[in-house]
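Worksheet: the structure to be examined is printed underneath.
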Amino acid sequence: MAFAGVLSACDVPADVGVSETESPSTQAQAQTESFYKAINLAGSAVTVEGRTFSSFAEAKTQGLSIPSGYMEAQSSYTASPQVDSATGAMLNSGIWQSGTLKLAQTLPSARYNVYLYILENYQSQYRSLTLSLEGQQVAQGLGALQKAEWKKYGPYTVQVSDGALNLDLSASAGDPHLMGLALYSVGANPEPIPGARTYYVSLSGNDSTGDGSQARPYRTIAKAAEVVPANGGHTIQVGAGTFDETAQIRLKERVNLIGAGQEFTVIRGGRFDWNANGLIQLESRVPHPSGEKIPAFVHEDGKTYGPFDRYVSVDSPQELAYFSMEGQNLASSGIKLVNRNHVKIHHVKIKDYTWAGILSESAGYAEVKDLQISNFLIAESSKEDTGSSWGNITLRGTHEGLLIQDGRIEHLTNPTRPEGYFKGSGYAIKAFRSWEDTARKQDELRSSRILNIVQRGKDSAPWANYTAANIAFEFWSIGADGVEIANCDLNAALSLEYNAAIDQNPYSFYVHHNRIKTVKSGLVELANSNIIVDSNSFDLTGNANPWNVMGEYNNGGPSNQGPVLKNIRVSNNVFNLASFSPAMFVFTTRVENFKFYNNTVISSGAPALFEFRRPSSQGSGAIDIRNNIFESGSAMKMFVFTENNNGTAPSSVAYTNNLHKAAPVNLPATTTQAGNILGTAQLARTGAMPFPYFEASSASSNVVDRGVNVGLPFTGSAPDIGASEYGRPAGTIGTP
């Protein structure tokens, strides 16, 4: 079996239908736009990019209207960049008009992405065009092309509320012209609420005399948010430009906030406070119907906190999209959400906030459900100090159905901030319990996914006086029940830190198809039961301080993970340890039912597989090691016992069908052994890493069909040894 996941961490799991040729996260990806229609202006019907472009004549019978005065133009250029014949035909037909070219297309009221196709058919650098949609300017400088050069412009997002899209293309140089127009509906638009309307905000607006109409827009977003009533499904549409907001933008329930595009609508403002409030605030505090208070507790600092108000979460479908935010290293948080369900945040750029770029909080024992954050860039926007760090995306308290997908998080610098502010850029994503849950300890992330995230962070974080490594995603003091982390590309460690029970899913964490190449740390802090780590690429090449690969890191203190870690499966991963010799798994807690299946471990040193530290790790249970490649420079130590551990071997160890370059040492005398091979794995050792580099070199390789059936899918007469299965696609590792 190679890089196909199964969703059970216990004993022999059963396949749950993951495709053999694509990663599970690919199946789970949400579609953000759907093709609606396209038009070949002044031309015949053609198929471009797999989509049907209606002929100009047909389009004019289906709701396209253009005021008189436009001209049709035909040309015969060889388009650059080169295209197929159908695309070339579309680009060589177009319409133009002196001054401003105006088009209107009837459309259902919804949100659309607009794409324009333009080819220069007169002379180089002849034109400079400005695009306006629904009366709002969204782009400038279009059409500045070399002769015969073409370009697809967009997407430009627009909310259509009156049954027609109005498009104006004006010229500051040359004449406006257009060859093709494509329209995509955006997102899964909810059923419209009767009476819902769009309120407009523009740099040319006025808060005193405006009424939010397109003709009389407001000047500030805060004013529109103050005026727009809750629960009506209304949308605040913000035009292009930089909006310096002097007041907090408090969005009521079921109010959407839509900009003209990440590059065109920029929102700045906010201030620092100790409650991490957002420049954009979505907050609901509805008392629990019981009227009960949350009991007070005594903190480890000796002080009593509480009692606290108890709340319920509020269903508030609303969308925030198509804008950028700049905190200027002064404001606390970009977007803060409290106790609201079904919120979607997408196509946003957020940078330079001091607590968090996006902060979602379940307060008063409420739960946040179905929060979606997608298609984003968040940079240098998190609290960090020598005692703790937050995340550029921070999650406090219980969340269910969370989806974070298709984004990039950068935390690379130590930005300059005023005295008394937090100095760093924190972690990428951090989840931890709410303050009210300190004594109860029942907050958790449930049935949630983090998919297709690129994270780039600096080497060190300031925790423990700047001796700690940076963290990509940390789950600290909060339970996990069905959290999937897949197809991410990380240069800092994962911290899966809190061991809590699961009751709704077959795993706590399912970590698969990720690429993790750290620069100053280990790879995964592994301190959870019921976890699956499958089909990842782990790489220590170039690491400046490669601690242990996986395990518990608690600075020598007693374990805080409970009496036992159980039901852990690590399978089908590539561990490229370079020249280092770390302990791969370090435990200060008893371990039961640990399965290490079909992995490829490469090191020119002599790493250890398991290190059991301290008496608290004595008495471990079943450990299963099967179908792995261990290619080390000298003998690998399978088990080591340190820091006053008495060296008692786990109750049962199975060690079968593994291939070692050098004979292993430190296997307990009671180990069950069979089918092991001594030699060098016959791998391709060419091409990209991890695959095809670490795939079997041929069907007759000494790793093909030499494994034992451990309950994972395979081809041939028996499973292969190592992370790949000969003849089966490896799947996408890291972001697609």
(request) Name the single residue, out of those in region 560-575 being in a loop (DSSP other than H, G, I, E, B) and free of Cβ contacts under 8 Å to residues at least 60 places away in the same chain, that is nearest to the chain's Cα centre (by Cα). (result) ASN560
(request) Go through region 63-83 and count every residue that is in a loop (DSSP other than H, G, I, E, B), under 27 Å from SER170 (Cβ atoms), touching a residue at least 12 places away in the same chain (Cβ under 8 Å) and among the polar types (S, T, N, Q). (result) 1
(request) For region 615-634, indicate whether the set of residues that are more than 26 Å from SER537 (Cα to Cα), surrounded by 22 or more Cβ atoms within 10 Å (Cβ to Cβ) and either over 36 Å from the mean Cα position of the chain (by Cα) or of a type outside the set (S, T, N, Q) (or both) is non-empty. (result) no
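When residues of region 673-694 are filtered for being within 14 Å of ASN658 (Cβ to Cβ) and within 35 Å of the chain's Cα centre (by Cα), how many remain?
0
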(message) Let me confirm something: among ALA104, ALA89, which residue is of a type in the set (Gly, Ala, Ser) and free of Cβ contacts under 8 Å to residues at least 60 places away in the same chain?
(response) ALA89
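Of the residues that make up region 262-273, is at least one surrounded by 15 or more Cβ atoms within 10 Å (Cβ to Cβ), in contact with a helix residue (DSSP H, G or I) (Cβ under 8 Å, 6 or more places away or on another chain) and of a type outside the set (A, V, I, L, M)? Explain how you work it out, then say what you get.
So the first thing to find is which residues in region 262-273 are surrounded by 15 or more Cβ atoms within 10 Å (Cβ to Cβ), and the list is 262-270, 272.
Those left that are additionally in contact with a helix residue (DSSP H, G or I) (Cβ under 8 Å, 6 or more places away or on another chain): 267.
Filter once more, so that each one left must be of a type outside the set (A, V, I, L, M): none.
No, region 262-273 contains no residue that is surrounded by 15 or more Cβ atoms within 10 Å (Cβ to Cβ), in contact with a helix residue (DSSP H, G or I) (Cβ under 8 Å, 6 or more places away or on another chain) and of a type outside the set (A, V, I, L, M).
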(message) Looking only at residues that are of a type in the set (Lys, Arg) and modelled with pLDDT of 95 or more in region 246-301, which one is nearest to PHE422 (Cα to Cα)?
(response) ARG268
(message) Can you tell me which condition ASN414 does not meet? The list is (1) in contact (Cβ under 8 Å) with a residue 60 or more places away in the chain; (2) part of a loop (DSSP other than H, G, I, E, B); (3) of a type outside the set (A, V, I, L, M); (4) surrounded by fewer than 22 Cβ atoms within 10 Å (Cβ to Cβ), and all the others hold.
(response) (1)
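One line per residue, one yes/no per condition, for (1) in a strand (DSSP E or B); (2) among the aliphatic types (A, V, I, L, M); (3) farther than 30 Å from TYR70 by Cβ:
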residue	(1), (2), (3)
ASP207	no, no, yes
LYS223	no, no, yes
ALA247	no, yes, yes
VAL266	yes, yes, yes
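Does GLU22 count as under 24 Å from GLN405 (Cβ atoms), in contact with a Phe, Trp or Tyr (Cβ under 8 Å, 6 or more places away or on another chain) and at pLDDT below 85?
Details: under 24 Å from GLN405 (Cβ atoms): yes; in contact with a Phe, Trp or Tyr (Cβ under 8 Å, 6 or more places away or on another chain): no; at pLDDT below 85: yes.
Answer is no for this residue.
If I filter region 115-165 down to residues being among the polar types (S, T, N, Q) and surrounded by fewer than 17 Cβ atoms within 10 Å (Cβ to Cβ), which single residue comes out as nearest to LYS37 (Cα to Cα)?
Here the answer is GLN140.
Based on what the data block shows, is ARG396 under 26 Å from GLY482 (Cβ atoms), modelled with pLDDT of 95 or more and under 15 Å from the mean Cα position of the chain (by Cα)? Give the derivation first.
Details: under 26 Å from GLY482 (Cβ atoms): yes; modelled with pLDDT of 95 or more: yes; under 15 Å from the mean Cα position of the chain (by Cα): no.
No.
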(request) Please determine, by comparing only the residues of region 225-245 that are assigned to a loop (DSSP other than H, G, I, E, B) and hydrophobic (A, V, I, L, M, F, W, C), which one is surrounded by the fewest Cβ atoms within 10 Å (Cβ to Cβ). (result) ALA230
(message) I'd like the residue in region 50-65 that is under 42 Å from the mean Cα position of the chain (by Cα) and hydrophobic (A, V, I, L, M, F, W, C) and, out of all such residues, is surrounded by the most Cβ atoms within 10 Å (Cβ to Cβ).
(response) PHE53
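How many of the residues making up region 294-342 are within 30 Å of GLY233 (Cβ to Cβ), assigned to a strand (DSSP E or B) and in contact with an Asp or Glu (Cβ under 8 Å, 6 or more places away or on another chain)? Give the steps one after another, and end with the answer.
So in region 294-342, the residues within 30 Å of GLY233 (Cβ to Cβ) come out as 309-327, 331-342.
Still in the list and also assigned to a strand (DSSP E or B): 309, 311-312, 314-326, 333-338, 340-342.
Now narrow it down to the ones that are in contact with an Asp or Glu (Cβ under 8 Å, 6 or more places away or on another chain): 314, 316, 318, 324, 326, 336-338, 340-342.
Result for region 294-342: 11.
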(request) Kindly indicate whether any position in region 169-190 is modelled with pLDDT of 95 or more, of a type in the set (A, V, I, L, M, F, W, C), within 30 Å of VAL48 (Cα to Cα) and outside any strand (DSSP E or B). (result) yes
(message) When the residues of region 576-635 are narrowed to those that are part of a strand (DSSP E or B) and among the hydroxyl-bearing types (Ser, Thr, Tyr), which ends up nearest to LEU678 (Cα to Cα)?
(response) SER632
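Please enumerate the residues belonging to region 303-332 that are of a type in the set (A, V, I, L, M) and crowded, with 17+ Cβ neighbours inside 10 Å.
Taking region 303-332 and keeping what is of a type in the set (A, V, I, L, M), we get 312, 314, 320-321, 325, 330-331.
Scanning region 303-332 gives VAL314, LEU320, ALA321, MET325, LEU330, ALA331.
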(request) Could you check, for region 363-372, whether at least one of its residues is part of a strand (DSSP E or B), farther than 19 Å from ALA486 by Cα and either aromatic (Phe, Trp, Tyr) or in contact with a Pro (Cβ under 7 Å, 6 or more places away or on another chain) (or both)? (result) no
(message) Checking GLY210 against (1) out of contact with any strand residue (DSSP E or B) (no Cβ under 6 Å at 6 or more places or on another chain); (2) surrounded by 16 or more Cβ atoms within 10 Å (Cβ to Cβ): exactly one of these is not met. Which one?
(response) (1)
(request) Can you work out which of the residues in region 115-134 that are more than 32 Å from the chain's Cα centre (by Cα) and hydrophobic (A, V, I, L, M, F, W, C) is nearest to ALA182 (Cα to Cα)? (result) ILE118
(message) Can you pull out every residue in region 662-685 that is in a loop (DSSP other than H, G, I, E, B), in contact with a strand residue (DSSP E or B) (Cβ under 9 Å, 6 or more places away or on another chain), over 22 Å from VAL710 (Cα atoms) and aliphatic (A, V, I, L, M)?
(response) ALA662, ALA663, ALA684
(message) For region 669-692, give me each residue that is hydroxyl-bearing (Ser, Thr, Tyr) and crowded, with 16+ Cβ neighbours inside 10 Å.
(response) THR671
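The values are calculated or read from the model by the stated rules, or taken from the named source; none is laboratory data. Bear in mind that the values here come from a model prediction, so they are computed numbers and not experimental data. Here Cβ is always computed from backbone atoms with ideal geometry, including for glycine, and neighbour counts include all displayed protein chains.
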